[in-house]
Every structure is written in structure tokens, then in C-alpha cells.
1. How many of the residues in region A:282-329 are over 22 Å from the mean Cα position of the chain (by Cα), of a type in the set (A, V, I, L, M), in a helix (DSSP H, G or I) and under 20 Å from A:N187 (Cβ atoms)?
2. How many residues are away from chain B (no Cβ under 14 Å), modelled with pLDDT of 95 or more and more than 16 Å from ligand 2 (Cβ to nearest atom) when one looks only at region A:250-276?
3. Would you kindly identify the strands (runs of 3 or more DSSP E) lying entirely within region A:182-268 that contain at least 3 residues that are open to solvent by less than 10 Å² (accessible area, probe 1.4 Å)?
4. If I go through region A:182-191 residue by residue, how many of them are under 16 Å from A:Y231 (Cα atoms) and within 8 Å of chain B (Cβ to nearest Cβ)?
5. Looking only at region A:8-23, which residues are away from ligand 1 (no atom under 16 Å from the Cβ) and of a type outside the set (D, E)?
6. Would you be able to say whether some residue in region A:182-201 is away from ligand 2 (no atom under 16 Å from the Cβ), of a type in the set (A, V, I, L, M, F, W, C) and modelled with pLDDT under 95?
7. Just need a number here: residues in region A:24-43 that are away from ligand 1 (no atom under 16 Å from the Cβ) and outside any loop (DSSP other than H, G, I, E, B).
8. Looking at A:W142 and the list (1) under 22 Å from A:R346 (Cα atoms); (2) out of contact with any helix residue (DSSP H, G or I) (no Cβ under 9 Å at 6 or more places or on another chain); (3) assigned to a loop (DSSP other than H, G, I, E, B), which single condition is not satisfied?
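The values are calculated or read from the model by the stated rules, or taken from the named source; none is laboratory data. Keep in mind it's a predicted model, so treat the numbers as computed, not measured. Backbone-built Cβ (ideal geometry, glycine too); neighbour counts: all protein chains shown. Just the protein is used for accessible areas: all its heavy atoms, side chains included, with ligands, DNA and RNA removed. Shrake-Rupley method; radii C 1.70, N 1.55, O 1.52, S 1.80 Å.
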Amino acid sequence: MRVMAQMAMVMNLDKCIGCHTCSVTCKQAWTNRTGVEYAWFNNVETRPGQGYPRRYEDQEAWRGGWTLNKRGRLALKGGGRVRKLLSIFSNPKLPLLEDYYEPWTYDYETLTSAPAQEHTPVARPKSAITGRDMKITWSANWDDNLGGSADHGERDVMLKGVEEKVKFEFEQTFMFYLPRICEHCLNPSCAASCPSGAIYKRSEDGIVLVDQDRCRGWRMCVSGCPYKKVYFNHRTGKAEKCTFCFPRIEVGMPTVCAETCVGRLRYIGLVLYDADRVLEAAATADEKDLYEAQRSVFLDPHDPAVAEAAQAAGIPRDWVLAAQRSPVYALINKYKVALPLHPEYRTMPMVWYIPPLSPVVDVVRESGFDAEDRGNLFAAIDALRIPVEYLAGFFSAGDPEPVRRVLQTLASMRSYMREINLGREADESIAAAAGMSGEQMYDMYRLLALAKYNERYVIPSAHAEQAHSLEELATQCSLEYEGGPGMGGSGAQAPPAVRDQRALRERQGASADSDAAPARVNLFAWDGRGRPQGMFPHRREPSAQEGSAHESSAHPGSAQGAGVGGAGVEGDGGAGGAR
Amino acid sequence: MSGNDSAVNVLLWVAVPYAAIAVFVVGHYWRYRFDKFGWTTRSSQVYERRLLRWGSPLFHFGILAVFFGHVVGLLVPESWTAALGVSEGMYHAVAFSVGTLAGLAAVAGVAILVYRRRTVGSVFSATTRNDKAMYVLLAVTLLLGLGTTLYGTLSGHPHDYRQTVSPWLRSVLLLRPHAGLILGAPLGFRLHVLAACALFAYWPFSRLVHVFSAPVGYLTRPYIVYRSRDPRLSSSRAARRGWEKAS
Ligand code: SF4
Ligand code: SF4
């Protein structure tokens, strides 16, 4: 057993309202530069729909990911090393800009510089590539909300096999939103395809990154990734991809897409896995077994043997504790409601999804039946073969069983909670039928419906002894430690982004903390609730507010802050209004 | 032959090649040291594939064959091949046929690629002045070499460069430069050599540097690369090219 830690995400598709906030904030943070105008590290696609880039899931055409060769061994679908090198001068499977879309801007200047005239001047679209006038014919979400699907909806790759059953007539449609980022796979085919070895998986947290200094622009990663989540910067000539916002993750902050998600449907946490078993699992013969195979690679962080092996592998104690509290692990392996996206690509993806029950609920409700009733929902799940079969194409290599089971679990949760919400006796038989105890069902409901910031994002900070200077903390003064000469000195504090985020995090938990060191007063981050921290001496009475105990144990920095207090890199004590 | 060591000859056939070599070596060191981020093929395939699919492999495989032909032709002395029983006639026949084929492929490739640069709007707007200079130097060198070879052979007087250009180059590489050796070569070859010197001096400052990242290591390395968190990724360093800080 070789324990490794992986930072992973789960998205609850039922809650996605398709607002694209995640895409926009991600773009503002990472790809608002020339060369990557067309790149969306986070994109949200409406399904049924072609996705972005168009029809990226058609691996017979794009040949991304892994496959099993004749001897049953894992092999790159796009061809092995020799084949890659021989086709290096012209990558045969590279998506063109037109497969994504041609980015554009508008000549807004004409709005102000046009001479006085009878008609209102218009800003015409200009290609961001050639600078010429262009006609906009496609974009990253052109078929948003099924727009145009009567015309080209059947071009959705995942409709293969269920096409006669899916209707695009207005009355009979169903749809859901699929937000996608890089999967930070356990067995990333992008990295395996890179001739320069520039794409690497970080051994601490499993984040997959492109070394910009080593990338030579061979573009094999772009075609190698079956999710098409590596982008070629046509200006710099280098590959770029989702970074899982590693500078934020390193200091315990969630990714930008998760932080800004309007539906609050993203969960981030650690998963411990056995690195020795990844390839074996990825080579599982029947692709329908890949979901279970991948689940079996994950290790139970509560198992003392695992915790011990983790520590032996150099994984810090507070990371193991964080893995135990990980919402991602709970959704994947405890409640078993999260499923991987396209396990059949054999890359062992690490962004998992809770499939949407809402298409089913909608149908039941619209047909006038009680959409909270388990029997009705179960019947609909079985009757509406389309959603289940269609969803199975995404989340379980076409096997309807796991999707049906998850949808039934979610339906059970709905009816179980309705009894409670109506003040009736909880019906334990509902929970039992779903293979859960009532308490488990309630906990799952809490995690899916109510979980606060600290429960949705359980992110332990990176360790000082692992890396000496981290992106967001690089301005930290080395003299700043509890009571050290740097304390409270000018400039010796965590950068504003980190301070504000901590303040927000504290506020969400809303605990009146007690014995923290005298903190800086940050009146900007004070929202008028309670007393601004640090202005007055601390009151000593114990806090009565709910969540306080959880709060302090959930604070990602706390364990480590105690451990490496002297180094002061995490520097909780001096870090602004937090504590 | 008088005037072998005249100032002009020494300048052209001793100073210029050494200067080119020096710029080539130091330039690459400098570029690698300070501009790893700019070290790339800067492929334009995302804009256009139809022409590139023909032009690029034609050019690259052609130029690779040309390169290996030059290595043999320039570095292996005629006496060695003669000792192996290969007559000048035989050698020339093989070198001419294979070399011409490779040269034509490379020229055809460049022609397609230049045509593509000119006619496809997006590729054209992605073409820098640096690229244009590189294309000119590359095309001129290629055409001079191929043209002189073709002209010599087709006019019935093939020049045995292994008596002139090759010994001269070896004398330069062995640091015993002998300018006189190359003077017997036809004008076309001498211009080819000078153009090549210019190309080599320009090399480290162009996208041609990607030649030195030919990823042969890919054949032996494990598929998945693991790396520990890189402390150098910190923002305490000056922002690197292409990564401007937001504030
Ligand atoms: S999803 Fe991400 S990690 Fe997986 S192959 Fe694609 S780019 Fe690589
Ligand atoms: S911000 Fe959240 S709710 Fe909005 S599209 Fe993105 S994932 Fe969906």
C-alpha cells in the first residue's frame, strides 16, 4: 500500500442553475489573456448538447484517454510513444480553433467615435484572432438551455443508442447542466501523452499542472486528454490547463469556481488512495466495472492502518484528519451518491458528480403527481428510461444500475426528509430500503442541503516544511510569529486576499472565539454582525452559539499552526481579523 | 592560388564561421537560461490543419534527412569512404539522388508552409517579424544548396564538395582554419555556406530552438510524471514572461 493524497471535487448537479458564474470568475482569474481567449478551464454545458469543444466525447474521432490493447494492457488510445513522435510534426487529432469557437470582441470605439448620423452606430464583432469582421456562429455555450437543439441537438455524442427515445420537442425535453473542469485524474493521459514530460502530477495533492518552462508546444496533451481540458495558448505556444487554483488551495482556500458557485453545489476535500493499485484498476477489463474499481482504490481514512501508512508516506497528520472530514470521500464512498464522469476513459477522474434527479422530479410534478413521494419517483425513474440511460452514458460507462441506485437514494432522501419537515415521525423503512440508517440519511441530507462553507470545503493548508514559500503567503515576514518582533509590524501580515477570505470563513461559522492572540482589526471585512474582533478585550464566557466547536476543529490552519508555530508561515496569530 | 589568405577571405571563411558558431552556442545558453518560457515550437496548427498536414511533415522529415546527409558528407573524409571501396562516382550518385529527394521534400514543405502563412488569415496574423526573417534565411540557404547541387549535376560538372567544402569545414571545427580550402568550391556553395552561417547565428533567437528539445526522452520515461510541490512557484520571484501579476 502506497498512500497518496488527492485534492478532489464533487458537484451536485441537481443544484446547478447554469448561471456560468463559475466559468466567468475562473476566466477572470486564469484565462483573460491573449492566446487563451477561447479557453474555459471551467465551462458549463447544457446536456443534451454537443459540449465544448464540440463533440469532445467522441473518442473514436479524437482518440483521447486510455484503452486496453489486445493483451488487455493499458495503452494510450491515441497511440504509443513511437507513434506520437512520428506524428509530432502534425498532430493528427488536434482540435482546431473552430472546434472550440473563434473568439471575438466588439469594436466599441465606433459607439463613441461615429459621426452624428440618423441611425445608432453599432459595435460590430471582430475576430480576436485575425482582427477582421466576423460572423458569430458558435461559442463555448452556444447551445445553452437547449438553444438550437431542434437543429443540431442530435449531434450530442452521448445520445448514441438512445437517440430515438430522446425528443427535442418542446413538451418532452429534459436537460441538465454539466459544469466541467480538469479532472485531475489519478492516471492522467494528458501527462502520459506529453513528449517533453512537462505535465506532472503533484505528489502532495495530486493536482495536475503544466510546467510552462518545460512545455515545448508539441500539443499531444490536448489530443491525449479525453475531456479536452488542456488548451493550447496560440500566442505563447504552450499548453495551459486548470490548475485547481493551487495557490489558493495551498493556503486552505477553495478554488475560484467553487468559492463563487451560486448554487453552492461544489465540495472540495482530500481523498487518500493506494497509488500501487491505480493502474490495475484503470485496466479493469469491463468498462462497466470501472466505477467500482476506482472506488476500491480509495482508502478509508478512518482505518488506523491507513492513517499509519499515510504517516509513513509523509502525509502530515492534519492532512489525514482533513481526509477523515472530507465531504468528497463521504459522498463517494460513504453515501455513494457521487459518480465519476466518463470512467470509460480510464484516466481515473477525480471530479465526481451527483447525477440530477430533477429531470425526474419535474416530470412527476408536471404530470400532477406528488413529486415528494418515493413510490412515484421510483416509478418515474424506471419509466423514464431516457434520463437514466442517458445519464449512465456519462457516469457509469452505460451501466444504468449505479445511476438508478443513486437516483433512488436521492428520491428516498426527499421523501424521508418530507416526513421530518412535516413534523411527522421519520419513516425509518425508507432509509433502510436505501441501505442506510436514518441518521446517515439525515447526515447526507445535511451535507447536500445545508452544509456550510467549512463543511463543503475541507482543505488543509500546505506545509511549511514541504515548501518554503507559497504563492499567497510570499510576503510573509520571517519574524512574524506569536510574540515575535514582526508581530503587528508594518507589512508583516498575510496578504489581503488571504485575510479577507479567513474573515469571511470565520463569519460564516460565526463563533465568538476566545483565546486567540490579539488580532488586527479589519473594519473593512466587518459586516456589522457582532463585535469587530480585536477592538475590545476578549470576553471569557464560553460560546453558546452552535457550530463553535465544529468551527475550531474544522479550521484547516489550526492543527498546523500549532505544529509549526515557530516558522510562522501559516501565521494565524498575526493574520488579520481572523482570530 | 594567390591571395588565399587575403583579409576578405579570412573574414569570410574564418571570422564569419567562428562568429556564427560562437553566437549559436552562447545564444542558446542565454536563451535557455533566461527564456525557457519562450522556448517552444509555437505551433499554428490550431488555426489550420489541411495545409499543415502536408507541409510540416514534408519539411521536417526532408530537413532531417538533409541534416544527416550533411553530417556524412561534411564530416566523413573522402579517404575513409574510398578505403571502404566506395568510389567517388558511386558516392555521388547515392548522395545526389537521396539528397535531392530530401532537399526537394524540404523545399516543397517550406513552399506549402509559406503559402499557408500568406493565405490563411489567422496564421498570417500570428506570424511575427522574427518568423519572417527565419523563413527567408531558411529558404535562401535551402535553395542555394539544392540549386547548386542540381545545377552542377544537370550541367554535367558535378562539383566534388568533399575536396573543398568538407575539408574546410573540418579545418574550422578542428580549430585549424584554412580559408583557402573552400575557394575551389563554386560560388553557389560558398554562398550556401555564408547563408548557413547567418542562419546559425540567427537560430538561438528564433523559434528554431525547438530543434534542441526533440523529445527523445519520451521513449524511455515513465508515462506519468510525479513532482513535488515547487517552491520556485512563489510570487516572490519576478513575474516570468507571459505571466503578468494582476496587481
Ligand atoms: S482531465 Fe485533466 S488530468 Fe485528466 S487527462 Fe484531462 S487534463 Fe489531464
Ligand atoms: S456557478 Fe455553480 S450554479 Fe452557476 S453554473 Fe457554475 S456550477 Fe452551476
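1. Number of matching residues: 0.
2. So the count comes out to 5.
3. Values: elements: A:199-202, A:208-210, A:230-233, A:238-241.
Ranges flagged: A:199-202, A:230-233, A:238-241.
4. Restricting attention to region A:182-191, the residues satisfying the condition of being under 16 Å from A:Y231 (Cα atoms) are A:182-184, A:188-191.
Filter once more, keeping what is within 8 Å of chain B (Cβ to nearest Cβ): A:188, A:191.
Of the residues in that region, 2 qualify.
5. Here is the first cut: in region A:8-23, the ones away from ligand 1 (no atom under 16 Å from the Cβ) are A:12-23.
A:N12, A:L13, A:K15, A:C16, A:I17, A:G18, A:C19, A:H20, A:T21, A:C22, A:S23 - these are the residues of region A:8-23 that are away from ligand 1 (no atom under 16 Å from the Cβ) and of a type outside the set (D, E).
6. Looking only at region A:182-201, we keep the residues that are away from ligand 2 (no atom under 16 Å from the Cβ), and these are A:184-201.
Going one step further and asking which of them are of a type in the set (A, V, I, L, M, F, W, C), we end up with A:185-186, A:190-192, A:194, A:198-199.
Now restrict to residues that are modelled with pLDDT under 95: none.
No, there is no match, as no residue in region A:182-201 is away from ligand 2 (no atom under 16 Å from the Cβ), of a type in the set (A, V, I, L, M, F, W, C) and modelled with pLDDT under 95.
7. Count: 5.
8. For A:W142, the failing item is (1).
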